[in-house]
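Single-structure report; data block below.
The values are calculated or read from the model by the stated rules, or taken from the named source; none is laboratory data. Note that the coordinates shown come from a computational prediction; the quantities given were computed from them, not determined experimentally. When we count neighbours, we look across all protein chains shown, and the Cβ atoms used for this are built from the backbone with ideal geometry, even at glycine. Areas reflect the complete protein model, heavy atoms only, side chains present, ligands, DNA and RNA absent. Shrake-Rupley method; radii C 1.70, N 1.55, O 1.52, S 1.80 Å.
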Amino acid sequence: MTPVLDRFIRYVQIDTQADPHSSTFPSTVKQKDLARLLVKELQEMGVQDAHMDDWGYVYATIPANTDKKDVPVICFCSHMDTSPDCSGTGVKPIVHRNYQGQDIVLPDDPAQVLRLSEHPDLGEQMGNDIVTASGTTLLGADDKAGVAEIMAAAEYLLRHPEIKHGAIKILFTPDEEIGRGTDHVDLIKLGAQFGYTMDGESRGSLENETFSARMVKVVVHGVSAHPGYAKGKMEHAMRIMAKFMDRLPQTYMSPETTEGKQGFIHPTHIEGTLERCEATFILRDFNMIRLENHEALLRHVLNETLKGYPRSRAEVTSVEQYRNMKEILDKHPQVTEYAMEAIRRAGMEPKLSSVRGGTDGSRLSFMGLPCPNIFTGEHAYHSKVEWVSVQDMEKAVEVIVHLCRIWEEGPELSA
């Protein structure tokens, strides 16, 4: 196996699934199992300051080996946790060599089939080696592909001192999948000026734009009465919530009807009783004004619904989750330009794209670390047919190494 594949196979077998219902940080203690292994491997490479803090973050530094004094410190970041949407327990990675377009039937559940017709990105993988899980779990390429790539690149740089670079920081985060990945990161300790998350999809892609995101919670308080004598008295909170949700846009502004730069209002959880019903929504858009309009629409529809229930009331709370990182990255164009040049040097044409979601880089950018997102080769994430190409992972390692060299070369690169 290649160095990056060897690491990837090892890491995905460690269960690091996050838990959105947990109040601890990290949300699951088992995430620290991978963190401890990464620290051990970094120390064995010779990275002396590699450590895990109390929150489960891994920090490490590859010291500069250049005589230049003004090389910016850059960081590479990936998350260690896997999605709660699909089991991460007992992952059995399988390497399918020399893919030729055939259906890949996953052996532990033959109903799980990876088909070219359903995953057109496989069309770019002829002759390559595809890694999947066995059919009963996700694979964990999101984002252990990124972790393995950063680790393989670190090892390569340490073994090749002829490649000149400034100080390189490494950051591995827990709980990204549940939106808490940067809650306790210490950017002062990290000490980087610019960063890159390794958490993207197709080979050659670079993402410099994400959704802006809010979470909105709606609580409806109805009026209780004995069901046998409820006429003219009962105002059922669950019925009110159902009517409210039914009046929200159905043929537009929902995930199943939007694409590209279109935003949405999406209910993610509902529970209740006669007296009280609570629903959680996520609101997404690339434009902040449109995002404000989505929330205003939600509130308007709720108020209109409540007019039919004069003795009931509702509470709405809104929390910002992350913002479109392009707002920050446009102020530091060299961060994106250098990444595009690194992709070119690795023999690919860069594909600049937007994320219909968010990454740790969204929040890191607004915390002071401008941070676009680079491809890792992961596909069909959060599912049992998740897959990654070995050759794409190797290309991502190349991109990291080229980026380190490019930042050392300096601003004359873009002249």
Using modelled backbone amide H atoms (1.01 Å from N, in-plane), which distant-in-sequence or interchain residues come within less than 5 Å of residue 51's amide H?
59
Dipole size in debye (nearest 20) for the chain around its Cα centre, Lys and Arg Cβ +1, Asp and Glu Cβ -1?
1300 debye
Does a label point 7 Å from the Cα of residue 327, set along Cα-to-beta-carbon, have any residues of segment 350-379 with amide nitrogen under 19 Å, and which are they?
354-373
Per residue, how many Å² of accessible area does segment 72-197 show with a 1.4 Å probe?
35 Å²
Between Rg and the Kirkwood Rh of segment 46-144, both from Cα atoms, what is the Rg to Rh ratio?
1.13
How far, in nm, would the chain grow between residue 313 and residue 98 when pulled straight, counting 0.36 nm per residue and subtracting the alpha carbon separation?
71.3 nm
Candidates 45, 340, 234; GNM for the chain (alpha-carbon contacts under 10 Å) flags as most fluctuating 234
Relative contact order as a percentage, the chain, C-alpha pairs under 8 Å and 6+ apart, gives 23 percent
If you find the alpha carbon centre of segment 190-208 and of segment 294-338, how far apart are they in angstrom?
26 Å
Sort the following peptides by mean Cβ neighbour count (other Cβ atoms within 10 Å, averaged over residues), highest first: 378-387, 171-180.
171-180, 378-387
Normalized C-alpha radius of gyration of segment 263-383, against 2.2 N^0.38 Å?
1.46
Tabulate in residue order the Karplus-calculated ³J(HN,Hα) for segment 3-17, using 6.51 cos²θ - 1.76 cosθ + 1.60 with θ = phi - 60°, rounded to whole Hz; enter x for Gly and Pro.
x, 6, 5, 4, 5, 4, 4, 5, 6, 5, 7, 9, 6, 10, 4
Can you tell me the relative contact order of segment 232-372? Whole percent, Cα pairs under 8 Å, sequence separation 6 or more.
20 percent
Can you tell me the FRET efficiency between residue 262 and residue 188 if r is taken as the Cβ-Cβ distance and R0 is 30 Å, rounded to the nearest 0.05?
0.20
Taking Cα centroids, how far is segment 361-415 from segment 242-258 in Å?
35 Å
Report, to the nearest whole %, how much of the accessible area of segment 1-155 belongs to carbon and sulfur atoms, 1.4 Å probe, protein only.
49 percent
Roughly how many Å is it from the Cα centre of segment 105-184 to that of segment 1-52, as a whole number?
13 Å
For the chain, modelled as a Gaussian network with Cα springs under 10 Å, which listed residue fluctuates most, 246, 109, 183?
246
21 Å Cα cut-off, lysine pairs counted over segment 190-328 (separation 8 or more, or different chains):
8
Could you give P(r) for the chain, binned at 20 Å from zero, as whole percent values over all Cα-Cα pairs?
25, 52, 19, 3, 0
So for the pair residue 250, residue 111, with labels modelled 7 Å out along Cα→Cβ, what separation do we get in nm?
2.9 nm
Which ³J(HN,Hα) values in Hz, rounded to whole numbers, follow from the phi angles of segment 213-221 under the Karplus curve 6.51 cos²θ - 1.76 cosθ + 1.60, where θ = phi - 60° and Gly and Pro get x?
9, 10, 10, 10, 10, 10, 10, 9, 10
Under 23 Å from the Cα of residue 189 - lysines, other chains or at least 8 residues apart:
32, 40, 68, 69, 169
